[in-house]
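The values are calculated or read from the model by the stated rules, or taken from the named source; none is laboratory data. Here the structure is a predicted model, which is why all the values come from computation and not from measurement. Cβ atoms come from the backbone with ideal geometry, glycine included; neighbour counts cover every protein chain shown. Just so you know, the surface numbers come from the protein's heavy atoms only, side chains and all, with ligands and any DNA or RNA stripped out. Shrake-Rupley method; radii C 1.70, N 1.55, O 1.52, S 1.80 Å.
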Amino acid sequence: MTWLLVAALLTAATLFYVFYIPGQLFLGPEKTRASYLRERKDAVYENLRDLNFEYQAGKIPDADYQQMKSSLQDEAATILAEIARLERGPGKTA
Amino acid sequence: MAELGSFALLLALALSVYSFLAGLVALIYQKSATQPASAARTLPESAGFASLLRRGSERLAETSRRAGIASFGAVLLASIILVICAFHDDFSIAYIFHHSNRDLPGPYKFAVLWSGQEGSLLFWSLLLTGYAFVLRLRYKTDARLFAYASVVLAGVQIFFLSLLNFAAHPFAIMQGNIPADGNGLNPLLQYPEMVIHPPMLYLGYVGFTVPFAFALGALIMKYPGEKWIHITRRWTMVTWAFLTCGIFLGAHWAYSVLGWGGYWGWDPVENASLMPWLTGTAFLHSVMMQEKRGMLKVWNMWLVFATFWLAILGTFLTRSGIISSVHAFAQSSIGDWFAWFLVLTLGVFLFFFIKNHKSLESEHKLESLASRESSFLFNNLLFVLLCFTVLWGTWFPKISELVQGNKVTVGAPFYNRVAIPVALLLLILTAVGPLLAWRKTSLESLKRNFFWPTIGAIAVAIFLIATPESWGSVFGLRPWRDISYFYSLMAISLSVLVILAVASEFYRGGRVISRHTGQGMFGSMVQLTHRNTRRYGGYIVHFGAVVVIIGLAGAAFNQDREKEMGYGDKMSIGPYTLLCRSYTEDESPNYFSQWAMIEVFKNGKAIGSMTPVRRFYKASQQTSTIPDIRSTLNEDLYLVFEGVNQDNGHPIIKAHLNALVMWIWMGVWIMLIGTGLALVPNAQAPVRAPATARLERAQPAPVATGD
């Protein structure tokens, strides 16, 4: 019958752990379009860094480098513009 | 003890059910509380109710998380109890009686936990709840996404714990009198690697549930962006490393224990572990396209699902008895449970995929065939093609039985016909991929990057053809004599191409760092690796993979001979001469053994002695061979005690000369070291923001997906 006692204690401890929640809960920030865009911006910056590094390493000819850099910079600029627009709030202009 | 174990399993199931249901209800309420403005939300009392609802659902979600955490404790307790029962020789428990005996050495008594059907399912559940335990503790990374993943994991937990409680109970009690001793552990499993091979394999199998849980969670909640991939990247790499380790430990075990001189036989159970590895490897590559370019989102979602699904399918294969294999567990009814679970998971995934697939639109299109993206795409297609071939070959006996009424099995030639050309194409992509630029690569760039590695690979091919055959092993390769020689030459030359491509990546990167910091080349390459551990760790994994491929290519040069050897008898194989010095028998509490002492000469010079053994296990009444293997970089001399001539008592010895096998095991170590490096966090690099100058010119516009 010892096992019954152990089982009862185990159940009580488990119920206490599961249902006794003192204090505030951690909910974390809501995922918004702006936070998503910041992630995209980081990814594009990382792509730019990689491109720059590969160019310096001599893997990419100058013409290719300029073209790809320009394309990535345009992408980053578009993202930054939308982040700026969202941060200013709806309806406002620069 | 058995009663407490049973109770712990029941408690774990109850907690998992609660975690799933409470989590599900909480997520549904949270979603409805955050719906876009409706008429009801404009009323103050309704807003108050929504706030109350939200707070309630948040507390409910927290109890769900805690119940999930507690379920790990309950499963851990059940596992500990089973191991204690094994050490106490508690044969009142049927599982212990069937898989252990009093004289079984201690480490194997520990391994009893995963040696049979019920115990291994308990071990599977322990790993699953263990992974989920870590995930639920780390929920602060992204509380919402983790809540979804936790519910998915709780659903998978319910399945495995239901199996344990209702179909394959590890604490089932023996009927009638308690036997004095157990049946013992299968002799093939009484080998040190068998103590770690199943846990590694299971860690890999089970681990893929975590990326799947995040992927399904992200799909259900239409998670914007690629953060779920960042979160699961390390999980996936760790899991992949465990599965790789498990597969190769299995291959090494087969090589060292089964006594047939090989390491891979395209057995259904081997295939079962290979399939999720192939799709998992494809995912590790294609995921980079999603992170960097926002492409292949649908493909990646399916790859994650396929990897999880194939891991479950592999478990179904091993446990249902549907396909015969030397590794499979006994035939049982739990196959039906797995079949239904496979259907259910496919149904759930398909439902949410059809419902939410619009959230997975690609942000960019493929711009050129000569680009890093296309190399990843082809790499993925090849991995999936290979996976499909293995799947088809594995299921073909069953399919032919259903269609024709008789089982037609497919052997190594079927798999090799596809696997070898695909592996060679993958080698080309492994060499080419890192040298291609993202988006597109110009002809000038191709010439600049490929010239020297290609020259090096061609030079090695010419060298291998030109060297005399008397050098042995892979030297003096004549590809026109046999297709297997041609494949070996291609494999080795392309491996050299990969190695040179990887070396040029390290050299070029190191040169840049050296120019900026003034450090030496080696220090610069170390710093380079530390700055981008994932990329350069990945290259080391590639290097390890080609070392494995070189080892596999050696199979074309294998030889074997078999001879009855009395005292003083000789046998020759390659440069080796074997001389039988003696043969005898021995007894230990667990087994009887017969062994021969063979003196080995290489090119006429004595280099040592070898003792192949054959054992007869008392408890299980089964025999097993322990081959003696002498490994060098060039070849393995592999001796097996095949049996005894009943007329004169002379041992029958089989000798294998296997070329380059050691390269396989070395390659795996390199792959694991590379994976370990890829898991190290990057050192901080200077940050630039070159796009700001264009900010003012840009027009605000919608960017890709995201709610």
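In whole percent, how big is the carbon plus sulfur part of the accessible area of the protein assembly as shown, probe 1.4 Å, protein atoms only?
Carbon and sulfur: 64 percent of the exposed surface of the protein assembly as shown.
Per residue and in Å³, how big is the convex hull formed by the alpha-carbon atoms of the range B:106-258?
Details: hull volume 18.9 nm³, N = 153.
Given the Cα convex hull of the range B:106-258, per-residue volume reads 123 Å³.
Name the residues of the range A:1-26 whose accessible area, probed at 1.4 Å, falls by at least 20 Å² once all protein chains are in place instead of their chain on its own?
Output list: A:3, A:6, A:7, A:10, A:11, A:14, A:17, A:18, A:19, A:21, A:25, A:26.
Taking every pair of alpha-carbon atoms in the range B:209-340, what share in percent sits in each 10 Å bin, from 0 to the bin with the longest distance?
Reading the bins upward from 0: 12, 36, 30, 17, 5, 0.
Mind jotting down the three principal axis lengths of the range B:528-614 based on Cα atoms? Whole angstrom, largest first.
Answer, in whole Å and largest first: 62, 39, 22 Å.
At a Förster distance of 60 Å, what's the computed FRET efficiency of residue B:162 paired with residue B:466, Cβ-Cβ distance as r, to 0.05?
In this case the efficiency is close to 0.40.
How high is the relative contact order of chain B? Use alpha-carbon pairs under 8 Å, at least six apart in sequence, and give a whole percent. If you can, show how the numbers build up before the last one.
Details: 1201 pairs, mean separation 74.7, N = 707.
Relative contact order comes out at 11 percent.
Can you pull a Stokes-Einstein diffusion coefficient for the range B:442-531 at 20 °C (1.002 mPa s), Rh from Kirkwood over Cα pairs, as a whole number of µm²/s? Could the numbers behind the result be given before it?
Working: Rh = 15.1 Å.
Estimated diffusion coefficient is 141 µm²/s.
Please name whichever of B:627, B:283, B:573 sits farthest to the positive end of the charge dipole of chain B, dipole taken about the Cα centre and charges placed at Cβ: Lys and Arg +1, Asp and Glu -1.
B:283
Report the one residue of B:237, B:682, B:611 whose Cα lies farthest in the direction of the positive end of the charge dipole of chain B (charges on C-beta: Lys and Arg +1, Asp and Glu -1; origin at the Cα centre).
Result: B:682, furthest along the dipole toward the positive end.
Hey, what D do you get for the protein assembly as shown in µm²/s if you plug the Kirkwood alpha-carbon radius into Stokes-Einstein at 10 °C and 1.306 mPa s?
It diffuses with D of about 54 µm²/s by this estimate.
Treating only the Cα positions of chain A as identical point scatterers, give the base-10 log of I(q)/I(0) from the Debye formula at each q in 0.12, 0.16, 0.21, 0.23 Å⁻¹.
-0.63, -0.82, -1.02, -1.09
Inverting the mean 1/r over all pairs of different Cα atoms, compute the Kirkwood radius of the range B:1-180 and quote it in Å.
Result for the range B:1-180 stands at 18.0 Å.
Quick one: the Cα spread of the range B:118-188 along its three principal axes, in angstroms, biggest first?
54, 26, 17
What quantity of accessible surface, computed with a 1.4 Å probe and excluding non-protein components, is buried in total between chains B and A, in Å² to the nearest 100?
Adding both sides of the contact gives about 5500 Å².
In Å, what Rg and Dmax follow from the Cα atoms of chain B?
28.6, 101
Rounding to the nearest 20 debye, state how big the charge dipole of the protein assembly as shown is about its Cα centre with +1 on each Lys and Arg Cβ and -1 on each Asp and Glu Cβ.
Working: 65 positive and 52 negative charges, 614 e Å.
So the magnitude is around 2940 debye.
When the gyration tensor of the range B:168-237 is built from Cα positions, what are the square roots of 5 times its three eigenvalues, in whole Å, from largest to smallest?
42, 18, 6
Most mobile of A:57, A:34, A:76 per a Gaussian network model of chain A (Cα springs, under 10 Å)?
Among A:57, A:34, A:76, the largest mean-square fluctuation in the Gaussian network model of chain A belongs to A:57.
Quick one: P(r) of the range B:186-429 from all Cα-Cα pairs, 5 Å bins, percents rounded to integers, in order of increasing distance.
1, 6, 12, 16, 19, 17, 13, 9, 5, 2, 1, 0
Give me the residues in the range B:429-455 whose solvent-accessible area, probe 1.4 Å, is reduced by at least 50 Å² once all protein chains are included instead of the chain isolated.
At a threshold of 50 Å² (probe 1.4 Å), the residues of the range B:429-455 that become less exposed are B:439, B:440, B:448.
Using helices alone, what [θ] at 222 nm do you get for chain A, with -39,500 (n - 2.57) per DSSP H run of 4 or more residues, divided over all residues and rounded to the nearest 500?
Values: 3 runs with 69 residues, N = 94.
Calculated from helices alone, the mean residue ellipticity at 222 nm is -26000 deg cm²/dmol.
Could you name the lysines in cross-link range of residue B:31, using Cα to Cα under 18 Å and dropping any fewer than eight places away on the same chain?
Hits, sequence-local ones excluded: A:31, B:222, B:355.
Under the definition of Cα pairs under 8 Å and six or more residues apart, what whole-number percent is the relative contact order of the range B:1-180? Walk me through the intermediate numbers first.
Working: 231 pairs, mean separation 61.5, N = 180.
This gives 34 percent for the range B:1-180.
Could you pull out every residue, at least 5 positions away or on a different chain, whose amide H is within less than 5 Å of the one on residue B:582? Hs are placed 1.01 Å off N in the peptide plane, and Pro or chain starts have none.
For residue B:582, whose amide H was placed from the backbone, the distant partners under 5 Å are B:597.
So what is Rg over Rh here for the range B:570-673, counting just Cα atoms and using Kirkwood for Rh? Could the numbers behind the result be given before it?
Working: Rg = 15.8 Å, Rh = 15.1 Å.
Looking at the range B:570-673, the ratio lands at 1.05.
Above 19 angstrom, tally the Cα pairs of the range B:50-155 and express them as a % of all pairs, no decimals.
54
What accessible area per residue, rounded to a whole number of Å², is obtained for chain B using a probe radius of 1.4 Å?
42
Name the residues whose placed amide hydrogens come within less than 5 Å of the amide hydrogen of residue B:643, ignoring near sequence neighbours (fewer than 5 apart) on the same chain.
Excluding prolines and chain starts, which carry no amide H, the hits are B:652.
At 222 nm, what helix-only mean residue ellipticity would chain B give, in deg cm²/dmol to the nearest 500, using -39500 (n - 2.57) for each DSSP H run of four or more? Don't jump to the answer; show the numbers that get you there.
Details: 19 runs with 429 residues, N = 707.
Computed mean residue ellipticity for chain B: -21000 deg cm²/dmol.
Taking only Cα atoms and a 10 Å spring cutoff, compute GNM fluctuations for chain A and point out the largest among A:20, A:55, A:36.
Of the options given, A:20 has the highest mean-square fluctuation.
Give the relative contact order (percent, whole number) for chain A; include only Cα pairs under 8 Å separated by 6+ residues.
Working: 28 pairs, mean separation 27.2, N = 94.
So the answer I get is 29 percent.
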